[in-house]
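So the structure is just underneath, and the comments pick up after that.
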Amino acid sequence: MTSHAAAIVDAAPPAPVSGWRQVLDAIVRRPVALVSAAVLLVVVLAAVAGPLIAPYPANAVDLSRALQPPSGAHWFGTDELGRDVLSRVVLAARVSMLVSVVSVTIAFVVGVTLGLVAGYAGGWADTLAMRAVDVMFAFPVLLLALSIVAILGPGLTTAMIAIGVVYTPIFARVARASTLSVREESYVRAARGMGARPLGIIARHVLPNVAAPLIVQTSLSLAFAILSEAALSFLGLGVQPPEPSWGRMLFDARGYLDQAWWMAVFPGLAVFVTVLAFNLIGDTLRDVLDPSGREARR
Amino acid sequence: MVYVLRRLGHTAVVLLGVSIVVFALIQLVPGDPVRLALGTRFSQESYDALRAASGLDQPLPVQFFSFIGGALTGDLGVSFRSGQPVTSILLDRLPATLSLAFAGIVVAVIIAFPLGILAALRNGKPTDAVVRVVSQAGVSLPDFWMALLLILGLSAGAQLLPSSGYVPITDDPVEWARHVAIPAITVGLIAGSIMTRYVRSSVLEVLGADHVRTARSKGLRERIVLGRHVVRNALVPVITVGGVQLATMLGGVVVVEVVVGWPGLGRLVFDAVNQRDYPVIQGAVLLIAVMFLLINLIVDLLYARIDPRIRLS
């Protein structure tokens, strides 16, 4: 995001958080949001209860059934080792959700703390924090993640840390922008005047009033975290085989494109549909909770 | 002038921060980076020679200032693997990445401008809804999946285009175009989806402006109002988004370059990460970040020149 686009975000005053009931109403009223929510429910169900839903074990190798096209027995076909692609797609949801939820939690906690403190304190603390955020924004997301993998070595934990680090600055920027406008509100000034401590004011008065754009950002970041996890796994730097992951399945499909299209189509479709659902839910949340942020945080 | 100086100062500060992060990259590696890079079989002489060549036997402040000094003079050290200067490795890879980025941005513009303008003119109608859903879908596409699907359809299936490889544009422009088509459509489609939203909202904003109402009330034909007063003004803010997308393509197409075997900077970083060739990772990351900052600087200055309100705000 350039400084100009950032200025649009900075200028957007936070809307007060509406109730969850309003969010649910909005989701139910919009068919696109309702379908997205249903898709996400299915993905969460697959992540939680994958082994109970999947028709076959993820690593059940059967070379006699290798590279079979979709059929009644194997809805999504089989891979080069005869493993059921549908089962692996279902079981890979766990890795994808785990990495994206943990990494976005890391980004949220670190970024929001940084943004709240910087925005509330102002002065040199704000300048220093925002310059650090600018430095982080100078690195493309995947490149920064790859650099972190180069330091820590590949693996699931590294993928979570790497994706968490790369999405921290966006949360810091959103939290800071909202805090700046809330800081001068009369209720915050009143709390200050009554001698409340800064950390207490931030936790009790600022955070609840900057929650709306942060909730929207969380939904959008979950979408991009899933994309980043899939990309890292595709490159062999995320979760390690034989644990199924959507990205790794796509990497394996590369060698069989002219023989087994299903190996490339279904895992990719799983990533695409999940990311699209998070993005569409994010859009709905923005429309309800933070209409002033439209287009600003794309 | 004040704006230009302020913007240059900001870029200089961020550049210093970027250099510190890139320098820290090798320092944060747990253990001895030279030992990690050499693997298990190496002689003490080759170890000592590489350690001395990389400057890692020097005290930390000396290493830092030598890194900054080297970066300013174009000396980014030598590869742990090949022993070649990092700068020459980067320069070898740069043309492939640049040519892919420019082809990608052309595809993005071809998609974004007509679709964004059309959606804005049909605001609230079914065409608008379709364009919005399609652009949302484009943003959600994993780029490497898109590349695989294109290879599946255009290469493995229809046999129209090669599935991988690279031919320099200077050697054979036609073969370059055939090889660049799949990666360029992939990155262009995703960037185009993002840009479509900006074009749409920008055109919508200008459509409601006073000068457009005045132009219409003067009795100008709709085509002239749109061409002269709406689209021209609406496209100015889109420069910013286009610049960001170009900058992103220069550094962020690692996976696409890996899928189609495109020998650019992204592929270089991927190979270097696998080989733990830290000087190459540092050099490539620094170059990409510097290009990103410079493109953003140019775009912001260009934008401020076109729209004086930015300078005054």
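Residue A:238 fails exactly one of the following numbered conditions: (1) assigned to a helix (DSSP H, G or I); (2) surrounded by 24 or more Cβ atoms within 10 Å (Cβ to Cβ); (3) under 21 Å from the mean Cα position of the chain (by Cα); (4) within 14 Å of another protein chain (Cβ to nearest Cβ). What is the number of that condition?
Condition not satisfied by residue A:238: (1).
Which of the helices (runs of 4 or more DSSP H) found entirely inside the range A:114-233 contain at least 3 residues meeting this: farther than 29 Å from residue A:96 by Cα?
In the range A:114-233, the matching helices (runs of 4 or more DSSP H) lie at A:123-137, A:156-183, A:186-193, A:198-201.
Any residue in the range B:1-24 that is more than 9 Å from chain A (Cβ to nearest Cβ) sitting within a Cβ distance under 6 Å of a residue that is in a helix (DSSP H, G or I) and small (Gly, Ala, Ser)? List the pairs, counting only those 6 or more apart or interchain.
B:3/B:304
Answer yes or no as to whether residue B:188 is more than 30 Å from residue A:228 (Cβ to Cβ) and either within 12 Å of chain A (Cβ to nearest Cβ) or not polar (S, T, N, Q) (or both).
Taking the combined requirement at face value, the residue does not satisfy it.
What is the residue count in the range B:120-158 for residues that are closer than 22 Å to residue A:277 by Cβ and out of contact with any Asp or Glu (no Cβ under 8 Å at 6 or more places or on another chain)?
20
Examine the range B:37-44 for a residue that is within 14 Å of chain A (Cβ to nearest Cβ) and surrounded by 12 or more Cβ atoms within 10 Å (Cβ to Cβ), and state whether such a residue exists.
Yes.
Just the residues that are closer than 21 Å to residue A:283 by Cβ, free of Cβ contacts under 8 Å to residues at least 60 places away in the same chain and more than 8 Å from chain A (Cβ to nearest Cβ), please, taken from the range B:135-177.
Within the range B:135-177, B:138 is the sole residue that qualifies.
Only one residue in B:167, B:131, B:199, B:107 is modelled with pLDDT of 90 or more and not in a helix (DSSP H, G or I), so which one is that?
Exactly one of B:167, B:131, B:199, B:107 is modelled with pLDDT of 90 or more and not in a helix (DSSP H, G or I), namely B:167.
Just to check your reading of the model, which residue among B:119, B:112 is closer than 30 Å to residue B:169 by Cβ, surrounded by 16 or more Cβ atoms within 10 Å (Cβ to Cβ) and at pLDDT 90 or above?
Details: B:119 fails: closer than 30 Å to residue B:169 by Cβ.
From the options B:119, B:112, the qualifying one is B:112.
Restricting to the range A:140-155, give me the number of residues that are modelled with pLDDT under 90, touching a Ser or Thr at 6+ places or on another chain (Cβ under 8 Å) and within 14 Å of residue B:21 (Cα to Cα).
1
Consider residue B:297 against the criteria (1) under 11 Å from the mean Cα position of the chain (by Cα); (2) more than 8 Å from chain A (Cβ to nearest Cβ); (3) hydrophobic (A, V, I, L, M, F, W, C); (4) surrounded by fewer than 24 Cβ atoms within 10 Å (Cβ to Cβ): it satisfies all of them except one. Which criterion is unmet?
(1)
The values are calculated or read from the model by the stated rules, or taken from the named source; none is laboratory data. Since this is a predicted model, take the numbers as computed values, not measurements. In this analysis, Cβ positions are derived from the backbone assuming ideal geometry, glycine residues included, and neighbour counts consider all displayed protein chains.
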